[in-house]
Amino acid sequence: MSPTDGSGTTLASELAPLAVAGFLRYVVIDTQADPESDSVPTTAKQLDLSRLLVEELAALGLSDAVLDEHGYVFATLPTTVAHHVPTIALIAHVDTAPDASGANVKPQVVKYEGGVMSLPGDSRVMLDPAISPELDNHIGHEIITSDGTTLLGADNKAGVAEIMAAVEYLVAHPEIRHGPVRICFTRDEEVGKGVDLLDLDRLAADAAYTIDGSALGSIEDETFSALEAKVIFTGIAVHPGFAKNRLVNAVKVACRFVESLPADSLSPETTDGREGFVNPMTIAGQEDRVTVAMNLRDFDAERLADHERLIRDLAADAVAAYPGSSVEIEVVEPYRNMKEYLVDHPHVVEAAAEAIRRTGLEVIGGFVRGGTDGSRLSQKGLPTPNLFTGQHDIHSLHEWICVDDMGAATETIVHLLAVWAENAERRDQ
(Lines give C-alpha, C1' and ligand atoms only; values in the text may rest on other atoms or scores of the structure.)
Protein backbone atom coordinates (compact mmCIF):
# COMPACT_ATOMS: atom_id res chain seq x y z
CA MET A 1 0.00 0.00 0.00
CA SER A 2 0.99 3.63 -0.30
CA PRO A 3 3.58 4.46 2.39
CA THR A 4 2.76 6.83 5.23
CA ASP A 5 4.83 9.26 7.22
CA GLY A 6 3.77 7.67 10.51
CA SER A 7 0.83 10.01 11.01
CA GLY A 8 -1.41 8.18 8.56
CA THR A 9 -0.71 10.65 5.78
CA THR A 10 -0.06 8.82 2.54
CA LEU A 11 2.62 9.81 0.09
CA ALA A 12 -0.11 10.43 -2.50
CA SER A 13 -1.84 12.92 -0.22
CA GLU A 14 1.48 14.69 0.33
CA LEU A 15 2.18 14.86 -3.37
CA ALA A 16 -1.30 15.90 -4.52
CA PRO A 17 -0.96 19.57 -3.43
CA LEU A 18 2.34 19.85 -5.32
CA ALA A 19 0.79 18.47 -8.48
CA VAL A 20 -2.38 20.56 -8.17
CA ALA A 21 -0.47 23.79 -7.55
CA GLY A 22 1.52 23.29 -10.72
CA PHE A 23 -1.54 22.21 -12.66
CA LEU A 24 -3.46 25.35 -11.73
CA ARG A 25 -0.51 27.45 -12.89
CA TYR A 26 -0.23 25.65 -16.19
CA VAL A 27 -3.86 25.40 -17.32
CA VAL A 28 -4.35 29.16 -17.44
CA ILE A 29 -1.65 29.39 -20.13
CA ASP A 30 -3.20 28.95 -23.58
CA THR A 31 -1.19 26.29 -25.43
CA GLN A 32 -3.70 25.13 -28.01
CA ALA A 33 -2.14 23.52 -31.09
CA ASP A 34 -3.25 24.35 -34.65
CA PRO A 35 -3.76 21.44 -37.09
CA GLU A 36 -3.69 23.84 -40.07
CA SER A 37 -0.32 25.39 -39.23
CA ASP A 38 3.02 24.36 -40.69
CA SER A 39 4.99 26.36 -38.10
CA VAL A 40 7.23 24.67 -35.54
CA PRO A 41 5.58 24.51 -33.11
CA THR A 42 2.21 25.00 -34.76
CA THR A 43 1.45 27.83 -32.32
CA ALA A 44 4.06 30.04 -30.69
CA LYS A 45 1.98 30.29 -27.51
CA GLN A 46 2.87 26.69 -26.61
CA LEU A 47 6.35 27.98 -25.85
CA ASP A 48 4.95 30.24 -23.10
CA LEU A 49 4.47 27.16 -20.95
CA SER A 50 7.65 25.50 -22.17
CA ARG A 51 9.75 28.50 -21.12
CA LEU A 52 8.07 28.53 -17.70
CA LEU A 53 8.88 24.85 -17.25
CA VAL A 54 12.55 25.47 -18.05
CA GLU A 55 12.61 28.19 -15.39
CA GLU A 56 10.95 25.94 -12.81
CA LEU A 57 13.25 23.00 -13.55
CA ALA A 58 16.30 25.23 -13.23
CA ALA A 59 14.97 26.59 -9.94
CA LEU A 60 14.73 23.00 -8.69
CA GLY A 61 18.43 22.55 -9.43
CA LEU A 62 18.26 20.80 -12.81
CA SER A 63 21.02 22.92 -14.27
CA ASP A 64 20.85 21.54 -17.81
CA ALA A 65 17.18 22.47 -18.35
CA VAL A 66 16.80 23.81 -21.88
CA LEU A 67 14.22 24.62 -24.54
CA ASP A 68 15.64 23.49 -27.88
CA GLU A 69 15.18 24.98 -31.32
CA HIS A 70 12.27 22.62 -32.11
CA GLY A 71 10.24 23.48 -29.02
CA TYR A 72 11.18 20.51 -26.80
CA VAL A 73 12.11 20.90 -23.14
CA PHE A 74 14.92 18.69 -21.83
CA ALA A 75 16.35 18.34 -18.34
CA THR A 76 18.15 15.72 -16.25
CA LEU A 77 17.47 14.58 -12.70
CA PRO A 78 20.81 13.02 -11.68
CA THR A 79 21.10 9.54 -10.26
CA THR A 80 21.27 9.01 -6.50
CA VAL A 81 22.95 5.59 -6.65
CA ALA A 82 26.43 4.41 -7.52
CA HIS A 83 25.45 1.37 -9.59
CA HIS A 84 24.40 1.58 -13.23
CA VAL A 85 20.68 2.12 -13.81
CA PRO A 86 19.10 2.50 -17.26
CA THR A 87 18.16 6.10 -18.04
CA ILE A 88 14.41 6.61 -17.91
CA ALA A 89 12.58 9.45 -19.67
CA LEU A 90 9.35 10.95 -18.36
CA ILE A 91 7.38 12.63 -21.14
CA ALA A 92 4.26 14.81 -21.33
CA HIS A 93 3.00 17.29 -23.91
CA VAL A 94 2.27 20.95 -23.24
CA ASP A 95 -0.26 21.54 -26.03
CA THR A 96 -4.02 21.20 -25.75
CA ALA A 97 -6.48 19.96 -28.35
CA PRO A 98 -8.17 22.17 -30.95
CA ASP A 99 -11.60 20.68 -30.15
CA ALA A 100 -12.60 23.58 -27.88
CA SER A 101 -11.07 26.83 -26.71
CA GLY A 102 -7.98 26.72 -24.53
CA ALA A 103 -7.95 30.47 -23.86
CA ASN A 104 -8.99 32.12 -20.59
CA VAL A 105 -9.30 28.83 -18.74
CA LYS A 106 -10.88 29.36 -15.32
CA PRO A 107 -10.22 26.22 -13.26
CA GLN A 108 -12.24 25.41 -10.17
CA VAL A 109 -11.51 22.91 -7.41
CA VAL A 110 -14.78 21.62 -6.02
CA LYS A 111 -15.99 18.71 -3.93
CA TYR A 112 -18.11 16.43 -6.10
CA GLU A 113 -21.24 15.43 -4.20
CA GLY A 114 -22.68 13.09 -6.81
CA GLY A 115 -25.33 13.44 -9.48
CA VAL A 116 -25.38 16.05 -12.22
CA MET A 117 -23.19 19.10 -11.61
CA SER A 118 -23.50 22.27 -13.72
CA LEU A 119 -20.38 24.28 -14.44
CA PRO A 120 -20.40 27.95 -13.41
CA GLY A 121 -19.52 29.57 -16.73
CA ASP A 122 -22.31 27.88 -18.67
CA SER A 123 -25.07 26.08 -16.77
CA ARG A 124 -25.88 24.07 -19.88
CA VAL A 125 -22.52 22.30 -19.56
CA MET A 126 -22.84 19.61 -16.92
CA LEU A 127 -20.84 16.75 -15.48
CA ASP A 128 -23.22 13.81 -15.63
CA PRO A 129 -22.43 10.27 -14.40
CA ALA A 130 -24.83 8.94 -17.02
CA ILE A 131 -22.34 10.18 -19.61
CA SER A 132 -19.18 9.89 -17.51
CA PRO A 133 -19.68 6.84 -15.24
CA GLU A 134 -16.27 7.31 -13.63
CA LEU A 135 -17.77 10.23 -11.67
CA ASP A 136 -19.60 7.73 -9.46
CA ASN A 137 -16.21 6.53 -8.19
CA HIS A 138 -15.30 10.07 -7.11
CA ILE A 139 -18.25 11.10 -4.95
CA GLY A 140 -16.93 13.01 -1.95
CA HIS A 141 -13.62 13.77 -3.68
CA GLU A 142 -12.24 17.10 -4.82
CA ILE A 143 -12.20 17.40 -8.58
CA ILE A 144 -10.95 20.11 -10.91
CA THR A 145 -12.96 21.37 -13.89
CA SER A 146 -13.01 24.42 -16.13
CA ASP A 147 -15.92 26.85 -15.85
CA GLY A 148 -17.56 25.07 -18.78
CA THR A 149 -16.64 27.57 -21.50
CA THR A 150 -13.22 26.08 -22.34
CA LEU A 151 -11.19 22.94 -22.15
CA LEU A 152 -9.61 22.31 -18.76
CA GLY A 153 -6.31 21.19 -20.30
CA ALA A 154 -5.74 18.11 -18.14
CA ASP A 155 -4.73 16.51 -21.42
CA ASN A 156 -1.83 16.81 -20.90
CA LYS A 157 -1.03 19.49 -18.35
CA ALA A 158 -1.94 16.95 -15.67
CA GLY A 159 0.97 14.83 -16.87
CA VAL A 160 3.24 17.87 -16.94
CA ALA A 161 2.25 18.82 -13.39
CA GLU A 162 2.65 15.28 -12.06
CA ILE A 163 6.13 14.94 -13.53
CA MET A 164 7.12 18.32 -12.11
CA ALA A 165 5.73 17.41 -8.68
CA ALA A 166 7.64 14.11 -8.71
CA VAL A 167 10.85 15.93 -9.62
CA GLU A 168 10.31 18.48 -6.85
CA TYR A 169 9.75 15.68 -4.33
CA LEU A 170 12.78 13.69 -5.43
CA VAL A 171 15.02 16.74 -5.32
CA ALA A 172 13.88 17.32 -1.74
CA HIS A 173 14.41 13.65 -0.85
CA PRO A 174 17.82 12.56 -2.19
CA GLU A 175 17.65 9.49 0.05
CA ILE A 176 15.23 7.95 -2.45
CA ARG A 177 17.30 5.68 -4.67
CA HIS A 178 16.82 6.15 -8.40
CA GLY A 179 18.86 6.23 -11.56
CA PRO A 180 19.26 9.07 -14.08
CA VAL A 181 15.96 10.57 -15.24
CA ARG A 182 15.44 12.55 -18.39
CA ILE A 183 12.54 15.00 -18.37
CA CYS A 184 11.03 15.83 -21.75
CA PHE A 185 8.06 18.05 -22.52
CA THR A 186 6.88 17.87 -26.12
CA ARG A 187 4.56 20.07 -28.17
CA ASP A 188 1.94 19.50 -30.91
CA GLU A 189 1.02 16.00 -29.76
CA GLU A 190 -2.66 16.79 -30.29
CA VAL A 191 -2.11 17.43 -34.00
CA GLY A 192 0.09 14.38 -34.60
CA LYS A 193 3.44 16.19 -34.67
CA GLY A 194 4.57 15.63 -31.11
CA VAL A 195 7.83 13.82 -31.75
CA ASP A 196 8.44 14.61 -35.43
CA LEU A 197 11.67 16.45 -34.64
CA LEU A 198 12.54 14.96 -31.26
CA ASP A 199 16.22 13.97 -31.20
CA LEU A 200 16.41 10.58 -29.49
CA ASP A 201 20.19 10.85 -29.22
CA ARG A 202 19.72 14.06 -27.28
CA LEU A 203 17.02 12.49 -25.13
CA ALA A 204 19.50 9.67 -24.42
CA ALA A 205 17.06 7.35 -22.66
CA ASP A 206 16.89 3.55 -22.51
CA ALA A 207 13.13 3.50 -21.91
CA ALA A 208 10.44 6.11 -21.51
CA TYR A 209 6.92 6.65 -20.20
CA THR A 210 4.36 9.13 -21.41
CA ILE A 211 2.27 10.37 -18.49
CA ASP A 212 -0.87 10.92 -20.56
CA GLY A 213 -3.37 8.21 -19.65
CA SER A 214 -6.72 8.36 -17.93
CA ALA A 215 -8.14 5.98 -15.31
CA LEU A 216 -6.47 5.45 -11.96
CA GLY A 217 -3.96 2.60 -12.12
CA SER A 218 -3.96 2.18 -15.87
CA ILE A 219 -1.05 1.26 -18.13
CA GLU A 220 -1.66 1.50 -21.84
CA ASP A 221 0.75 -0.56 -23.91
CA GLU A 222 -1.39 -0.79 -27.02
CA THR A 223 -2.75 1.90 -29.33
CA PHE A 224 -4.43 2.16 -32.68
CA SER A 225 -2.33 1.93 -35.79
CA ALA A 226 -3.23 4.94 -37.88
CA LEU A 227 -3.49 5.98 -41.50
CA GLU A 228 -4.42 9.45 -42.72
CA ALA A 229 -5.95 9.56 -46.19
CA LYS A 230 -6.75 12.41 -48.55
CA VAL A 231 -9.27 11.29 -51.16
CA ILE A 232 -9.07 13.89 -53.92
CA PHE A 233 -11.85 13.93 -56.53
CA THR A 234 -11.36 15.89 -59.73
CA GLY A 235 -14.25 16.96 -61.95
CA ILE A 236 -14.78 19.30 -64.86
CA ALA A 237 -15.90 22.83 -63.99
CA VAL A 238 -18.15 24.59 -66.49
CA HIS A 239 -20.30 27.72 -66.13
CA PRO A 240 -23.65 26.35 -64.89
CA GLY A 241 -25.51 28.22 -67.61
CA PHE A 242 -23.71 26.18 -70.27
CA ALA A 243 -23.06 22.99 -68.33
CA LYS A 244 -25.36 20.44 -69.98
CA ASN A 245 -23.42 17.28 -70.89
CA ARG A 246 -20.18 19.05 -69.93
CA LEU A 247 -20.11 19.68 -66.15
CA VAL A 248 -18.74 16.92 -63.93
CA ASN A 249 -19.32 18.12 -60.37
CA ALA A 250 -16.61 16.89 -58.00
CA VAL A 251 -18.73 17.93 -55.01
CA LYS A 252 -21.37 15.38 -56.03
CA VAL A 253 -18.74 12.70 -56.57
CA ALA A 254 -17.32 13.32 -53.09
CA CYS A 255 -20.79 13.26 -51.53
CA ARG A 256 -21.57 9.94 -53.21
CA PHE A 257 -18.32 8.54 -51.82
CA VAL A 258 -19.05 9.70 -48.27
CA GLU A 259 -22.62 8.44 -48.45
CA SER A 260 -21.33 5.00 -49.49
CA LEU A 261 -19.26 4.57 -46.31
CA PRO A 262 -20.71 1.96 -43.90
CA ALA A 263 -23.51 3.49 -41.83
CA ASP A 264 -23.81 0.81 -39.12
CA SER A 265 -20.16 -0.21 -38.71
CA LEU A 266 -16.59 1.01 -39.18
CA SER A 267 -17.32 4.48 -37.84
CA PRO A 268 -16.39 6.08 -34.50
CA GLU A 269 -20.05 6.39 -33.53
CA THR A 270 -20.73 2.67 -34.05
CA THR A 271 -17.54 1.04 -32.70
CA ASP A 272 -15.74 0.53 -29.42
CA GLY A 273 -13.22 -1.80 -27.83
CA ARG A 274 -10.86 -3.20 -30.43
CA GLU A 275 -13.02 -2.30 -33.40
CA GLY A 276 -11.45 0.01 -35.95
CA PHE A 277 -13.04 2.60 -38.18
CA VAL A 278 -12.83 4.84 -41.23
CA ASN A 279 -13.89 8.39 -40.53
CA PRO A 280 -14.35 11.35 -42.91
CA MET A 281 -13.04 14.39 -41.03
CA THR A 282 -13.39 17.27 -43.49
CA ILE A 283 -14.61 17.96 -47.02
CA ALA A 284 -13.21 20.98 -48.84
CA GLY A 285 -13.19 22.17 -52.42
CA GLN A 286 -15.44 23.18 -55.28
CA GLU A 287 -16.88 21.82 -58.52
CA ASP A 288 -13.59 20.90 -60.14
CA ARG A 289 -11.70 19.50 -57.13
CA VAL A 290 -12.80 18.25 -53.70
CA THR A 291 -10.67 16.68 -50.96
CA VAL A 292 -12.12 14.37 -48.33
CA ALA A 293 -9.69 14.03 -45.40
CA MET A 294 -10.07 10.76 -43.52
CA ASN A 295 -8.78 8.93 -40.46
CA LEU A 296 -8.37 5.17 -40.68
CA ARG A 297 -7.76 3.32 -37.42
CA ASP A 298 -7.38 -0.25 -36.18
CA PHE A 299 -5.35 -2.27 -33.68
CA ASP A 300 -4.62 -4.93 -36.29
CA ALA A 301 -2.37 -4.10 -39.24
CA GLU A 302 -4.17 -6.45 -41.64
CA ARG A 303 -7.57 -5.00 -40.81
CA LEU A 304 -6.17 -1.51 -41.26
CA ALA A 305 -5.01 -2.51 -44.74
CA ASP A 306 -8.56 -3.77 -45.39
CA HIS A 307 -9.92 -0.34 -44.43
CA GLU A 308 -7.61 1.31 -46.93
CA ARG A 309 -8.74 -1.08 -49.67
CA LEU A 310 -12.36 -0.29 -48.78
CA ILE A 311 -12.01 3.44 -49.28
CA ARG A 312 -10.10 2.89 -52.51
CA ASP A 313 -12.88 0.63 -53.82
CA LEU A 314 -15.65 3.01 -52.75
CA ALA A 315 -13.85 5.98 -54.28
CA ALA A 316 -13.49 4.08 -57.55
CA ASP A 317 -17.22 3.26 -57.48
CA ALA A 318 -18.08 6.93 -56.97
CA VAL A 319 -15.91 7.96 -59.90
CA ALA A 320 -17.44 5.26 -62.11
CA ALA A 321 -20.86 6.77 -61.45
CA TYR A 322 -19.68 10.14 -62.80
CA PRO A 323 -17.88 9.63 -66.12
CA GLY A 324 -15.20 12.25 -66.65
CA SER A 325 -14.28 12.44 -62.96
CA SER A 326 -11.16 10.95 -61.44
CA VAL A 327 -9.73 10.27 -58.00
CA GLU A 328 -6.31 10.37 -56.41
CA ILE A 329 -5.69 8.98 -52.92
CA GLU A 330 -2.77 10.02 -50.71
CA VAL A 331 -2.10 7.93 -47.62
CA VAL A 332 0.41 8.55 -44.83
CA GLU A 333 1.07 6.60 -41.63
CA PRO A 334 1.25 8.85 -38.54
CA TYR A 335 1.89 6.02 -36.08
CA ARG A 336 1.59 2.30 -35.46
CA ASN A 337 0.33 0.23 -32.56
CA MET A 338 3.01 0.45 -29.86
CA LYS A 339 2.25 -3.16 -28.86
CA GLU A 340 4.15 -4.33 -31.94
CA TYR A 341 7.31 -2.93 -30.35
CA LEU A 342 6.65 -3.21 -26.60
CA VAL A 343 6.15 -6.96 -26.86
CA ASP A 344 9.94 -7.20 -27.02
CA HIS A 345 10.37 -5.13 -23.83
CA PRO A 346 8.01 -6.66 -21.22
CA HIS A 347 10.21 -5.45 -18.33
CA VAL A 348 9.37 -1.83 -19.20
CA VAL A 349 5.64 -2.45 -18.71
CA GLU A 350 6.21 -4.66 -15.65
CA ALA A 351 8.23 -1.93 -13.90
CA ALA A 352 5.24 0.39 -14.25
CA ALA A 353 2.87 -2.30 -13.00
CA GLU A 354 5.02 -2.80 -9.89
CA ALA A 355 5.05 0.97 -9.27
CA ILE A 356 1.25 1.08 -9.46
CA ARG A 357 0.98 -1.80 -7.01
CA ARG A 358 3.29 0.01 -4.58
CA THR A 359 0.95 2.99 -4.75
CA GLY A 360 -1.76 0.63 -3.47
CA LEU A 361 -3.73 0.50 -6.71
CA GLU A 362 -5.07 -2.25 -8.89
CA VAL A 363 -3.15 -2.44 -12.15
CA ILE A 364 -5.40 -1.89 -15.14
CA GLY A 365 -3.74 -3.04 -18.32
CA GLY A 366 -5.30 -1.81 -21.48
CA PHE A 367 -5.33 -0.16 -24.83
CA VAL A 368 -6.18 3.32 -25.97
CA ARG A 369 -8.45 4.10 -28.90
CA GLY A 370 -6.05 6.72 -30.12
CA GLY A 371 -2.33 7.30 -30.23
CA THR A 372 0.28 8.87 -28.00
CA ASP A 373 3.77 10.25 -28.43
CA GLY A 374 4.75 6.81 -27.17
CA SER A 375 3.34 5.16 -30.29
CA ARG A 376 5.86 6.96 -32.48
CA LEU A 377 8.68 6.68 -29.95
CA SER A 378 8.21 2.93 -29.60
CA GLN A 379 8.23 2.63 -33.38
CA LYS A 380 11.49 4.60 -33.44
CA GLY A 381 13.11 2.17 -31.01
CA LEU A 382 12.43 3.75 -27.61
CA PRO A 383 9.91 1.59 -25.69
CA THR A 384 7.33 4.02 -24.29
CA PRO A 385 4.10 2.81 -22.65
CA ASN A 386 1.53 5.30 -21.35
CA LEU A 387 0.70 5.79 -17.65
CA PHE A 388 -2.38 7.26 -16.03
CA THR A 389 -2.83 10.89 -14.97
CA GLY A 390 -6.45 10.74 -13.75
CA GLN A 391 -7.83 12.88 -16.60
CA HIS A 392 -11.37 12.25 -17.86
CA ASP A 393 -13.64 13.46 -20.69
CA ILE A 394 -10.71 15.04 -22.48
CA HIS A 395 -11.09 17.22 -25.58
CA SER A 396 -14.41 18.54 -24.26
CA LEU A 397 -15.93 21.25 -22.09
CA HIS A 398 -16.77 18.47 -19.58
CA GLU A 399 -13.13 17.63 -18.87
CA TRP A 400 -12.29 16.91 -15.23
CA ILE A 401 -9.64 15.38 -12.99
CA CYS A 402 -9.58 14.25 -9.37
CA VAL A 403 -7.11 15.78 -6.92
CA ASP A 404 -6.51 12.44 -5.18
CA ASP A 405 -5.82 10.74 -8.50
CA MET A 406 -3.19 13.35 -9.34
CA GLY A 407 -1.46 12.51 -6.07
CA ALA A 408 -1.58 8.80 -6.87
CA ALA A 409 -0.18 9.38 -10.36
CA THR A 410 2.69 11.41 -8.92
CA GLU A 411 3.42 8.75 -6.31
CA THR A 412 3.47 6.11 -9.05
CA ILE A 413 6.17 8.09 -10.88
CA VAL A 414 8.29 8.19 -7.71
CA HIS A 415 7.93 4.42 -7.20
CA LEU A 416 8.61 3.74 -10.87
CA LEU A 417 12.04 5.31 -10.71
CA ALA A 418 12.85 3.42 -7.51
CA VAL A 419 11.77 0.13 -9.13
CA TRP A 420 14.20 0.64 -12.00
CA ALA A 421 17.05 1.29 -9.53
CA GLU A 422 16.20 -1.82 -7.49
CA ASN A 423 15.91 -4.03 -10.56
CA ALA A 424 19.30 -2.83 -11.83
CA GLU A 425 20.92 -3.50 -8.46
CA ARG A 426 19.53 -7.05 -8.37
CA ARG A 427 20.87 -7.73 -11.85
CA ASP A 428 24.34 -6.55 -10.77
CA GLN A 429 24.47 -8.84 -7.73
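Structural remarks
- The listed residues ASP306, ASP95 rank as ASP306, ASP95 when sorted by accessible area, largest first, using a 1.4 Å probe.
- Where VAL349, VAL181 fall by accessible area, highest first, once all protein chains stay in place (1.4 Å): VAL349, VAL181
- Rounded to the nearest 10 Å², the accessible area of LEU52 at probe 1.4 Å: 40
- Once all protein chains are placed together, HIS141 keeps about 60 Å² accessible to a 1.4 angstrom probe.
- Net dipole in debye of the chain [+1 Lys, Arg Cβ; -1 Asp, Glu Cβ; about Cα centre; nearest 20]: 760
- Neighbour net charge for ASP147 - beta-carbon separation under 9 angstrom, K R +1, D E -1: 0
- Using the average count of surrounding beta-carbon atoms within 10 Å as a protection proxy, the listed peptides 353-365, 374-386 rank, highest first, as 374-386, 353-365.
- Helix-only CD estimate at 222 nm, as mean residue ellipticity for the chain, using -39500 (n - 2.57) per DSSP H run (n ≥ 4): -10000 deg cm²/dmol
- The accessible area of TYR322, taken with all protein chains in place and a 1.4 Å probe, comes to roughly 60 Å².
- Euclidean distance between Cα centres, region 154-172 to region 188-260, Å: 31
- With a threshold of 25 Å on the Cα-Cα distance, the over-threshold entries among LYS106/LYS193; LYS106/LYS157; LYS230/LYS339; LYS111/LYS157 are LYS106/LYS193; LYS230/LYS339.
- In region 303-429, the alpha-carbon atoms span a convex hull of 145 Å³ per residue.
- Surface share of carbon and sulfur [accessible, 1.4 angstrom probe, percent] for the chain: 52
- For LYS45, the aspartates and glutamates whose Cα falls under 12 Å of its own Cα, not counting residues fewer than eight places away in the same chain, are ASP30, ASP34, ASP95, ASP188.
- Solvent-accessible surface ranking, highest first, for MET164, MET126 at 1.4 angstrom: MET126, MET164
- Ordering VAL419, GLY390, HIS93 by the projection of their Cα atoms onto the charge dipole of the chain, which places +1 on the Cβ of Lys and Arg and -1 on the Cβ of Asp and Glu, puts HIS93 at the extreme positive end.
- The chain: relative contact order as a whole-number percent, Cα under 8 Å and 6+ apart: 24
- Rounded accessible area per residue of region 226-339, 1.4 Å, Å²: 54
- Viscosity 0.890 mPa s, 25 °C: Kirkwood-radius Stokes-Einstein D of the chain over Cα pairs, µm²/s: 107
- Residue among VAL292, ALA229, SER214 farthest towards the positive dipole end of region 192-344, charges placed on Cβ: VAL292
The values are calculated or read from the model by the stated rules, or taken from the named source; none is laboratory data. Worth saying up front: this structure is predicted, and the values here are computed from it rather than measured. Backbone-built Cβ (ideal geometry, glycine too); neighbour counts: all protein chains shown. These accessible areas exclude ligands, DNA and RNA; they are computed on the full protein's heavy atoms, side chains included. Shrake-Rupley method; radii C 1.70, N 1.55, O 1.52, S 1.80 Å.
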